[in-house]
Amino acid sequence: MVTKKKFAVPLYWQIMIGMGAGIAAGITALKVDGIPFIRDWIYPWGKLFIVLLQMIAIPLVFVTLVKGVLGLKDISSFSRLGGRAIFLYLATTIIAVMLGLALGLTVKPGNLVNKDKIAHIQEQYKSMTEEKENVAHETSQQGPLRFIEDIIPANIVAAATDNSKMLQVIFFALFFGLAAITIPAEKVKPVAELMNSLNDIILRMVDYIIRFAPYGVAALMAGLVVDYNGEAGIFSALAMYALLVVAALLIMMFVFYPLLIRFFTKITPGHFIKTMFPVQLFAFTTSSSSSTLPVNLHTVEKRLGVSKDTTSFILPVGTTVNMDGTSCYQTIAVLFIAQALGIDLTVEQLLTIIGMTVISSIGTPGIPGGSFVILMIVLTSVGIPADGLALILGIDRPLDMLRTSVNVTGDATVAAIIDNRLKRQPA
Ligand code: ASP
C-alpha cells in the first residue's frame, strides 16, 4: 500500500497541492475564457480517477469482507463484532440526526431565504428534481419493508455490475464468508488462500490508483470551480443553510468523534485528527465513501493501529451502512426546505424524519450525491413537496464533499472503538 517512504512529499501534501493547483487553474480559466479547455482537457482526468476508484470498489469490498469474515474463525466472533457494529452505527447516526435537528430547529435557516428567489430556483432545477422525484415515487410505492428486500440480490452477478448495489454485494459476501466459517478450515483452505492473494493484488491495484490521486484531485477541483461559475447568486441566498450544515459537520468531525475516541479508545484525539486528515481530504475531493475505502482501510490499520480483523469487517460495511454526515445533513436539509416553503412540522412529522433518515441512511450508496433519492423519500414521507429539493441542489456539491469526510471519519471511529473493546476482552 501507499507508504510515506515511497513519496518524498507525503501523500496528503500532494493531494493538498493538487487541490490548490486545481482551484487556481479553475479560477484562471474563468478569467481568461479557458472554460472549454478545462472541461475538455483537464476535467476528464479527474473523472478518470473516479472511474478507476469505482472500478476497484466492488472487488475490494467483496474480497476484504470475505477475508475479514474468514479471519473471524467462528460464528460467535462474527456475531460479537456484528452486534457491536450495528449498535455503534445506529447510535452515532441517531446522534448525528439529533444534532442536525437541534441546529435546524434553533437557527431556522429556511426562514432567512428570500421567498422571491424560491420560485426562480425551483424553475432552474425543475428537470433534475423531476427525475429524482420519479425514482423516489417508485421507491416509496414499494412498501416500508422494501429496503430489506433490496438488500438481497436476485442475481449476484447483476448486483456486482452496479456500484449503487453495494449493499447487495455486502450481503452476499457476508453470507458467503459466514457459510465458509461453518465448514472445517482444511476444506475451505484453498478459498482462504485465494482470497488472501486476491486481496494482495487488489490492494496493489489500489496503490497504483492512489498514486494518481494528486493529479486526479487537481483535475476534479479545476472542473468543479468552472462548473460553479454563475451560481454565486444561489450560493449567497443559501449561505445560512450551507453554514449551518458546515458547522454541524465540523462539530461531528472535530468534537464528537474525537470525544468518542478519547473516552472509548486508547488513541489520543490529536493523533486521531491528524491521522484521519488525508482520508478526509480524499473523501472531500471524491465525494464518495466507497472510493475512499481503500485509503481508509490503509490508514486505520497501519496508522491508527486498528487490527486487520476489525478494519476488514467494519470499514467495508460501514462505508455503505454508516453515514453520520449524510444523516446530519439530511435532517438540516429537510428542515430548511420545510421552513423555506413555510411548512410547520408537527412532532409526529419530526419523529418520522428521524426514523426515515436513520433507516434510509443504511441503504445510501457511498457515491457523489448518493443521498438525493433518499432525501426525496424522506421529504415525501412527511408531505413536503419534493421539488423543494431544487432549493438545495445548487450548493450540494461542496456540502456533499464535507459530509462524505464525516461519513468516513465515523466509520474509522467505530472501527477504533470496537477494536479497543475486543483487545480488552479477547474472545
Ligand atoms: N457522497 C456521500 C458518500 O459517499 C453520500 C451522500 O451523502 O450523498 O458518503
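The values are calculated or read from the model by the stated rules, or taken from the named source; none is laboratory data. If you're wondering where the values come from, they're calculated on a predicted model, not measured in any experiment. Cβ atoms come from the backbone with ideal geometry, glycine included; neighbour counts cover every protein chain shown.
Return the only residue of ILE337, ILE359 being out of contact with any Phe, Trp or Tyr (no Cβ under 6 Å at 6 or more places or on another chain) and at pLDDT below 80.
Values: ILE337 fails: at pLDDT below 80.
Testing whether each residue is out of contact with any Phe, Trp or Tyr (no Cβ under 6 Å at 6 or more places or on another chain) and at pLDDT below 80 leaves just ILE359.
Got at least one residue in the range 339-356 being of a type outside the set (Ser, Thr, Tyr), within 14 Å of the ligand (Cβ to nearest atom) and touching a Leu at 6+ places or on another chain (Cβ under 9 Å)? Before the answer, list the steps.
Just the residues of the range 339-356 that are of a type outside the set (Ser, Thr, Tyr), to begin with: 339-345, 347-351, 353-356.
Right, trim to within 14 Å of the ligand (Cβ to nearest atom) and you get none.
No, there is no match, as no residue in the range 339-356 is of a type outside the set (Ser, Thr, Tyr), within 14 Å of the ligand (Cβ to nearest atom) and touching a Leu at 6+ places or on another chain (Cβ under 9 Å).
Could you list, in sequence order, all residues of the range 194-208 that are over 14 Å from LEU297 (Cα atoms) and at pLDDT below 85?
none
Go through the residues of the range 337-347 one by one and say whether even a single one is among the acidic types (Asp, Glu) and touching a Gly at 6+ places or on another chain (Cβ under 7 Å).
Taking every residue of the range 337-347 in turn, none turns out to be among the acidic types (Asp, Glu) and touching a Gly at 6+ places or on another chain (Cβ under 7 Å).
Do the conditions hold for ARG403, that is, is it within 15 Å of the ligand (Cβ to nearest atom), crowded, with 21+ Cβ neighbours inside 10 Å and among the basic types (Lys, Arg)? Full working, then the answer.
Values: within 15 Å of the ligand (Cβ to nearest atom): yes; crowded, with 21+ Cβ neighbours inside 10 Å: yes; among the basic types (Lys, Arg): yes.
So ARG403 fits the description; yes.
Yes/no matrix, rows are residues, columns are (1) outside any helix (DSSP H, G or I); (2) at pLDDT 80 or above:
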| position | (1), (2) |
| --- | --- |
| PRO365 | yes, no |
| PRO368 | yes, yes |
| ILE374 | no, no |
| LEU379 | no, yes |
| ALA390 | no, no |
| LEU399 | no, yes |
| THR404 | no, yes |
| GLY410 | no, yes |
| VAL414 | no, yes |
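Can you say whether THR326 is assigned to a helix (DSSP H, G or I), in contact (Cβ under 8 Å) with a residue 60 or more places away in the chain and over 30 Å from ILE56 (Cβ atoms), as far as the supplied structure shows?
In short, no.
Are any residues in the range 150-199 under 20 Å from ALA85 (Cβ atoms) and among the aliphatic types (A, V, I, L, M), and if so, which ones?
ILE151, ILE152, MET166, LEU167, VAL169, ILE170, ALA173, LEU174, LEU178, ALA179, ALA180, ILE181, listed by residue number.
May I ask you to say which residue of LEU203, LEU194, LEU174, LEU167 is part of a helix (DSSP H, G or I) and over 24 Å from the mean Cα position of the chain (by Cα)? Walk me through it before giving the result.
Values: LEU203 fails: over 24 Å from the mean Cα position of the chain (by Cα); LEU174 fails: over 24 Å from the mean Cα position of the chain (by Cα); LEU167 fails: over 24 Å from the mean Cα position of the chain (by Cα).
Testing whether each residue is part of a helix (DSSP H, G or I) and over 24 Å from the mean Cα position of the chain (by Cα) leaves just LEU194.
Of all residues in the range 295-335 being within 14 Å of the ligand (Cβ to nearest atom) and under 20 Å from GLY216 (Cα atoms), which is farthest from the chain's Cα centre (by Cα)?
VAL295
Do any helices (runs of 4 or more DSSP H) entirely within the range 40-141 hold 3 or more residues that are modelled with pLDDT of 70 or more, under 21 Å from LEU167 (Cα atoms) and aliphatic (A, V, I, L, M), and if so, which? Outline the logic, then answer.
Numbers: elements: 43-71, 75-107, 115-124, 126-140.
Per the criteria, 43-71, 75-107.
What is the one condition in (1) touching a helix residue (DSSP H, G or I) at 6+ places or on another chain (Cβ under 6 Å); (2) closer than 29 Å to ILE377 by Cα that ALA158 does not satisfy?
The single condition ALA158 does not satisfy is (1).
How about the range 182-193: which of its residues are at pLDDT 90 or above, under 18 Å from SER76 (Cα atoms) and not polar (S, T, N, Q)?
Of all residues in the range 182-193, those at pLDDT 90 or above come to 182-184, 186-193.
Now restrict to residues that are under 18 Å from SER76 (Cα atoms): 182-184.
Correct list: ILE183, PRO184.
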